1. If I ask for residues that are over 22 Å from residue A:64 (Cβ atoms) and either of a type in the set (Asp, Glu) or within 12 Å of the chain's Cα centre (by Cα) (or both), which ones from segment A:10-27 would you list?
2. Give B:108, B:13, B:72 a once-over and let me know the one that is away from every other protein chain (no Cβ under 14 Å), touching a Leu at 6+ places or on another chain (Cβ under 7 Å), surrounded by 15 or more Cβ atoms within 10 Å (Cβ to Cβ) and part of a strand (DSSP E or B).
3. Which residues, counting only those in segment A:56-110, are loosely packed, with under 15 Cβ neighbours inside 10 Å and of a type in the set (A, V, I, L, M, F, W, C)?
4. Do the conditions hold for residue B:54, that is, is it within 14 Å of chain A (Cβ to nearest Cβ), loosely packed, with under 13 Cβ neighbours inside 10 Å and out of contact with any strand residue (DSSP E or B) (no Cβ under 6 Å at 6 or more places or on another chain)?
5. Report yes if residue B:86 is more than 20 Å from residue A:94 (Cα to Cα), more than 14 Å from every other protein chain (Cβ to nearest Cβ) and under 10 Å from the mean Cα position of the chain (by Cα), otherwise no.
6. Would you pick out the residues in segment B:82-96 that are buried (at least 19 other Cβ atoms within 10 Å of the Cβ) and part of a loop (DSSP other than H, G, I, E, B)?
7. Restricting to segment A:1-48, name every residue that is among the β-branched types (Val, Ile, Thr) and surrounded by 14 or more Cβ atoms within 10 Å (Cβ to Cβ).
8. In the set B:30, B:79, B:40, which member is assigned to a loop (DSSP other than H, G, I, E, B) and within 13 Å of chain A (Cβ to nearest Cβ)?
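The values are calculated or read from the model by the stated rules, or taken from the named source; none is laboratory data. Because the structure is a prediction, the values reported are computed rather than measured. Note: ideal-geometry Cβ built from the backbone for every residue, glycine included; neighbour counts use all protein chains shown.
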Amino acid sequence: EAGVTQFPSHSVIEKGQTVTLRCDPISGHDNLYWYRRVMGKEIKFLLHFVKESKQDESGMPNNRFLAERTGGTYSTLKVQPAELEDSGVYFCASSQAARGTQYFGPGTRLLVL
Amino acid sequence: QKEVEQNSGPLSVPEGAIASLNCTYSDRGSQSFFWYRQYSGKSPELIMFIYSNGDKEDGRFTAQLNKASQYVSLLIRDSQPSDSATYLCAVSSNDYKLSFGAGTTVTVRA
C-alpha cells in the first residue's frame, strides 16, 4: 500500500510568487491534514479535511493560504503571494478515521527568498 | 506557555542503555498522546500512542502517561544505533488536531 505522497519535495521561490503544494493521501483515507514546521519551531496544525469538506482550518495563518480537496481525493495548498516567513516544511497526513493513526508524508520543503 | 514541551536535547546514550524522553502538556482536556519518530529528512512515523493513565509497552518501547501531572514519557530499552532519530511528542484534545513538541534528538553511541 502506498503511503502519503507529497509533491514537490523541495521548492525555492521568490517573495511574492505563488506556490502550490500537493498531497495524495493513502487510498481510502477520508481524513486529510496539513501541518507546517517553520525553522526552529514545532510542527503546527494548519487544517483538516473530511473528504472534500474543511472541518477545521483554525491553524491557517492568513488568507494567503488556500487549501482545497476537490473530489475528496488529493489536496492542494496554495500560498499566494509567498512571504519570507512562509519558509518551512509542509507536511500532509491522512487517517482512515478522525481518531485514527495519522500517517505523514515526507513533506515539502519550501524556501522563500 | 507552549502547548507541548519536551526535554531539550540532544540526548546521547550508549548502545544497550535506556533512553528516557519526557513531555509535558498544558491542556488538561487532552485525551490522546502520541510519540512519533522522525529520521532526518523523513516523515514522522508513529511508534506509540496512549490514552489511559499508566504504562503501555510495545517491544522495546514503553509509554507512560500521568494525566494528573500532565506528563507523558517514552522509554527506549536496549537502545540501538537505529533508534537515533528525533522523537516528537504529540497531544490531541479533540481526536484529530495534533499539537507537537519541538522534539528531542536521540543519538545512540555504538
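1. A:24, A:25
2. Working: B:108 fails: touching a Leu at 6+ places or on another chain (Cβ under 7 Å); B:13 fails: touching a Leu at 6+ places or on another chain (Cβ under 7 Å).
Selected residue: B:72, the only one of B:108, B:13, B:72 that is away from every other protein chain (no Cβ under 14 Å), touching a Leu at 6+ places or on another chain (Cβ under 7 Å), surrounded by 15 or more Cβ atoms within 10 Å (Cβ to Cβ) and part of a strand (DSSP E or B).
3. Within segment A:56-110, A:66, A:84, A:97 qualify.
4. On the way: within 14 Å of chain A (Cβ to nearest Cβ): no; loosely packed, with under 13 Cβ neighbours inside 10 Å: yes; out of contact with any strand residue (DSSP E or B) (no Cβ under 6 Å at 6 or more places or on another chain): yes.
No; evaluated as a whole, the condition is false for this residue.
5. Against the criterion (more than 20 Å from residue A:94 (Cα to Cα), more than 14 Å from every other protein chain (Cβ to nearest Cβ) and under 10 Å from the mean Cα position of the chain (by Cα)), residue B:86 does not qualify.
6. B:84, B:96
7. A:4, A:5, A:13, A:19, A:20, A:26, A:38, A:43
8. B:40
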